[in-house]
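Mind having a look at this structure? Questions to follow.
What follows is calculated from the coordinates using simple rules that are stated; it is not laboratory data. Everything numeric in this text was worked out from a predicted model, so none of it was measured. We place every Cβ from the backbone using ideal geometry, glycine too, and count neighbours over all the protein chains shown.
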Amino acid sequence: MRGEFVDVGGLRLYYYAAGSKNRSAGVPVVLIHGFPTSSRLWHAVARDFPDGHRLVVLDLPGYGRSDAPGNGRPPAANQRGASVRRPTCASHANAVLGAMDQLGIARACVVGHGLGGGVAQAIAVDAPQRVSHLALVSSVAFDHTPRRMARLARLAAPLARASPAGLLAGLVSASVVHGFARPERSRLALDACLHTFTTPSGRDVLARHLRALAPADTADWSARLGELRIPAAVVWGSQDPFFPTSLGARLAAAIPGATFEVINGARHYVPEDAAPELLAVLTRLLGAAPAE
């Protein structure tokens with residue numbers, strides 16, 4: 001796996017590539033993380049992904065090593081990026097499509113976790129010609145907002161500028177740690193993903209991400225999922241403390257022909273909790289012929 005940067009709308013977005021180097025091989029796969037993680041969330045999935053697919057794993061704007069929204073240069077006239085300035089599902093979708101443009105990916109299997117699932121929905125609904133297969137993993141959907149995150153956003157985000165640089169990241173870590181099945185894995189993952197938010201500028205970016213969560217702008221996308229005519233899978237952790245399995249079932253029912261699979265013992269961060277089981281679902285999904 002190799003890490004590089006791509007310029008989208010004046011923002012430097014970090015991604016790493018894995019899988020087949022043959023661009024004419026199987027369907028490309030774009031993996032999109034959620035809040036408050038980064039491309040690191042997909043490491044185990046990308047490492048063991050079946051041969052024959054080009055993988056692209058992105059840091060969304062303001063996460064990991066990618067520039068934060070509003071910090072980049074003005075977009076070039078021929079680039080996406082006019083709406084990449086606020087950390088919403090819509091702006092993140094615009095950034096992902098811009099990265100796909102820059103990397104020469106016309107159509108891909110788009111996989112989104114958590115907030116990244118809202119991003120994946122926005123891409124699939126607004127640019128259906130760019131999506132061959134869709135996988136939503138413990139995804140935001142409809143107008144559901146996790147109460148824990150909404151409460152943290154209301155209380156902490158307005159006070160961010162007056163708080164020590166690492167305090168907000170610590171509060172977020174304490175809140176989302178319950179989303180991992182294995183405490184020893186959760187600490188490693190969160191330390192890596194939240195490190196970028198422990199500086200004064202990072203604290204302010206994290207506050208913007210929090211404000212965008214309450215609520216996430218997913219209702220419009222979820223309401224249009226019935227328009228999709230592509231192979232789709234919805235995957236949920238049976239012990240997810242943020243998004244109930246009933247939300248996953250509702251999401252799967254909204255997509256014509258979508259499968260719904262619940263992974264026993266997994267919590268919210270399924271790519272960390274149950275990478276082999278998730279890989280099995282994605283492998284089956286990619287075995288379905290994409291719609292013409």
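Counting only complete DSSP H runs, which helices of the chain cover 15 Å or more along their long axis at the Cα atoms and score a mean Kyte-Doolittle of 0.0 or above?
Numbers: long enough: 89-102 (20 Å, 0.34); 115-126 (17 Å, 1.16); 183-194 (16 Å, -0.08); 200-213 (20 Å, -0.27); 275-286 (16 Å, 1.38).
Answer set is 89-102, 115-126, 275-286.
Now, a different point. Quick one: if the Förster radius is 41 Å, what FRET efficiency do Ala249 and Arg161 give, using the C-beta to C-beta distance and rounding to 0.05?
Values: r = 41 Å, r/R0 = 0.99.
So, using R0 = 41 Å, E works out to roughly 0.50.
Could you grab the relative contact order for the chain? Cα pairs under 8 Å, six or more apart, rounded to a whole percent. Write down the numbers at each step before the final one.
Numbers: 639 pairs, mean separation 55.2, N = 292.
Relative contact order comes out at 19 percent.
Between Glu277 and Asn264, what length in nm is gained on full extension when 0.36 nm per residue of separation is reduced by their alpha carbon distance?
On the way: separation 13, 0.36 × 13 = 4.68 nm, distance 0.97 nm.
Residue separation times 0.36 nm, minus the Cα-Cα distance, leaves 3.7 nm.
Follow-up question, since we're still on this one. For Arg211 and Val27, what does the FRET efficiency come to when R0 = 35 Å and r is the distance between their Cβ atoms, rounded to the nearest 0.05? Could the numbers behind the result be given before it?
On the way: r = 35 Å, r/R0 = 1.01.
So, using R0 = 35 Å, E works out to roughly 0.50.
Multiply the residue gap between Ala289 and Asp143 by 0.36 nm, knock off their C-alpha separation, and tell me the result in nm, one decimal place.
On the way: separation 146, 0.36 × 146 = 52.56 nm, distance 3.13 nm.
Here the answer is 49.4 nm.
Given the options Arg151, Arg130, Arg267, which has the most mean-square fluctuation in a GNM of the chain, springs set between C-alpha atoms less than 10 angstrom apart?
Residue with maximal mean-square fluctuation among Arg151, Arg130, Arg267: Arg151.
Over the chain, with a Gaussian network built from C-alpha contacts below 10 Å, which listed residue (Val281, Val140, Val119) shows the highest mean-square fluctuation?
Val281
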